[in-house]
Every structure is written in C-alpha cells, then in structure tokens.
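Everything below concerns the one structure shown next.
The values are calculated or read from the model by the stated rules, or taken from the named source; none is laboratory data. Just so we're clear, the structure is a prediction, and the values are computed from it rather than from any experiment. Cβ coordinates were reconstructed from backbone atoms using ideal geometry, including for glycine residues, and neighbour counts include every protein chain displayed. All accessible areas refer to the heavy atoms of the entire protein, side chains included, with ligands and DNA or RNA removed. Shrake-Rupley method; radii C 1.70, N 1.55, O 1.52, S 1.80 Å.
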Amino acid sequence: MRKHLSSIKQEEDENEINLTPMLDVVFIMLIFFIVTSTFIRAKGISAQRPDQSQQQQVVQNKKGAILVIIDNSDRIWIDGLVIDQRAVRPNIVRLASEEANRPLVVQVDSQSSTNTLVDVMDAARQAGVTNISIVAGTS
Amino acid sequence: MDEERFDEEEESEINLTPMLDVVFIMLIFFIVTAVFVKSPGVSVTEPSAVTAQTPGGGSIFVAITSQDQVWIDGHKHPLPAVRGEIERLKAENPESGIVIQSDENAHNSTLLHVMDAAKAAGINDITIAAKLK
C-alpha cells in the first residue's frame, strides 16, 4: 500500500512543471529593469519654433501677437521700449488683456543669452500666455 | 489514513501563484516604463523658471554649454552634425520629444540652431530645460 502511494506521488511530482528556473529568470529581469529604470526628472518650458517660411509672417503680422525683442546685450524690448526684466510680466499681462488668446513671439538676437530668453518665457507663462514662439532676430 | 497524510503534504507547500502574479505585473510595469535615457554627458547651469514643468515624453537630451558646445549622448558634436545625431536618436525612439539643456550663459544662436535641427528631424515637442525657482 505504501509503495503504491509513493509511486502515485512521484508521478504527480513529475507532472507538475518546475517553476523555479523561470522564477529565477523573472526575478533577474525584474531587478535589471528596476536598477536601470531612470525616471526623468528634468523640468522645462515647452517652446514652439516656427518654420523658416512662417517666421517672416509671424514677425510681420504683429497685430495678433505680442512681440518681445531681446537684443544682443540682453535688453528686453516691448513696444519699442527697453523694459526691465522685472517689469516684463506686468507688461505682458497688460498686452495679453487687450485680446484673448494672444500668442507671444520672442525675437532673439543670436548674441543674447538663454537666461534672458527663459526669463521672458517664464514671465509670459506666469502672465497666462502659453503659446510662445521663438524667432531669430534680423540684426 | 494515507489520504490524510497526502492532504497534509499538499497544504504545507507554499502557493507561489499570487506572488508570481505580482512579480509579473511589476516586471511588465518596469519594461513598459523603461526609457533608456542617453544623458548628454556634461552638466550645465540651467536657467531657473517659476513655471517649469515636467515635459511630456522627452528622452532625447541635448546640452549646450556656456562655451556654446553641443553635447549629445556623451559626445561633443560640431553644429552641422547635430541634426544627424538627433535624427539617429529619433529613429531609435520615434515618439520622443527633445529637451534642450542650455546653459544660462549660452548664446541663443546655438539654441536656435539646435531647435531648427530638431524641427528638421521632425520633432515638434521641444522643451527648454529650466530648474524650478
């Protein structure tokens, strides 16, 4: 009787698939992906860059858009006046309130620094303008 | 009597199925979320902004140093080679946007050049990196 039972048990053991090697592989893959996964922590401001053909149009068609110019010594011009960096935001707020959903065009000189550009874009976004295009200056 | 013994042995075995389920779900999660970020290989001082936010799906990173050198995937690239490099990275990850980590003292001409290269490579999702103020 005992012999009979053990033979049944053995058969059952053989019928069961041994999962241990698969588990090992799965665990190793899991650990690999946990270790190599890097969650992107970079933050930033999204920007639009019009095509070359659109750029002239964007700059010339000043009526719809708010135009901010950054010159080669990092001065910020709005409406033909040099604006202090801290005054950019209230100026954009004023211009944006004239008409709903006005886009903003930043015309940057090639010698200006990124810091000024990001400052202007940040000010615009704080003023509620999110449609920001960057075009190259003509100087 | 024999049957009872048999039952006991079965119960003493730990049931691994729920754990396997959990492990598989974790594995699938990590495979799906895995983005192999190719860091530019140089650290820059990013400008700070109040409205900085996490970009949608950016995994192409381009760094511009204060000397206007462009770094992608651990190597410095001359300006004309930037477009080809961005195209190569885009081919590996077609849905990807681009994050430009420009030093605060970098000139905007370089930034515009990289943005144009990204546009030419067919990437419209452009983010200028900034740290939260």
Residues of region B:86-111 that turn out to be more than 10 Å from every other protein chain (Cβ to nearest Cβ), assigned to a loop (DSSP other than H, G, I, E, B) and open to solvent by 60 Å² or more (accessible area, probe 1.4 Å), as a count: 2
Hey, any hits in region B:64-79 for a residue that's within 8 Å of chain A (Cβ to nearest Cβ) and touching a residue at least 12 places away in the same chain (Cβ under 8 Å)? yes
Could you tell me how many of the residues in region B:52-72 are surrounded by fewer than 18 Cβ atoms within 10 Å (Cβ to Cβ) and not in a strand (DSSP E or B)? 7
Yes or no: region B:115-132 includes at least one residue that is assigned to a strand (DSSP E or B) and open to solvent by 70 Å² or more (accessible area, probe 1.4 Å). yes
Test result for residue B:33, facing chain A (nearest Cβ under 8 Å) and among the polar types (S, T, N, Q): yes
Say we look at region A:124-137 and pick out the residues that are in a loop (DSSP other than H, G, I, E, B) and free of Cβ contacts under 8 Å to residues at least 60 places away in the same chain; which of these is surrounded by the most Cβ atoms within 10 Å (Cβ to Cβ)? A:127
Top-ranked residue in region B:12-42 [being under 30 Å from residue B:100 (Cβ atoms) and without any contact (Cβ under 8 Å) to a residue 24 or more places away in the chain; ranked as surrounded by the most Cβ atoms within 10 Å (Cβ to Cβ)]: B:30
What is the number of the single condition among (1) modelled with pLDDT of 90 or more; (2) within 13 Å of the chain's Cα centre (by Cα) that residue B:65 does not meet? (2)
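Results for (1) within 24 Å of the chain's Cα centre (by Cα); (2) in a strand (DSSP E or B); (3) closer than 18 Å to residue A:46 by Cβ, shown as yes or no for each residue.
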| site | (1), (2), (3) |
| --- | --- |
| A:82 | no, yes, no |
| A:87 | no, no, no |
| A:95 | no, no, no |
| A:102 | yes, no, yes |
| A:106 | yes, yes, yes |
| A:110 | yes, no, no |
| A:117 | yes, no, yes |
| A:122 | yes, no, yes |
Taking region B:112-124 and keeping residues more than 20 Å from the chain's Cα centre (by Cα) and either at the interface with chain A (Cβ under 8 Å from one of its Cβ atoms) or not small (Gly, Ala, Ser) (or both) leaves B:112, B:113, B:116
From the residues in region A:83-123 that are in contact (Cβ under 8 Å) with a residue 40 or more places away in the chain and more than 9 Å from chain B (Cβ to nearest Cβ), which one is surrounded by the fewest Cβ atoms within 10 Å (Cβ to Cβ)? A:107
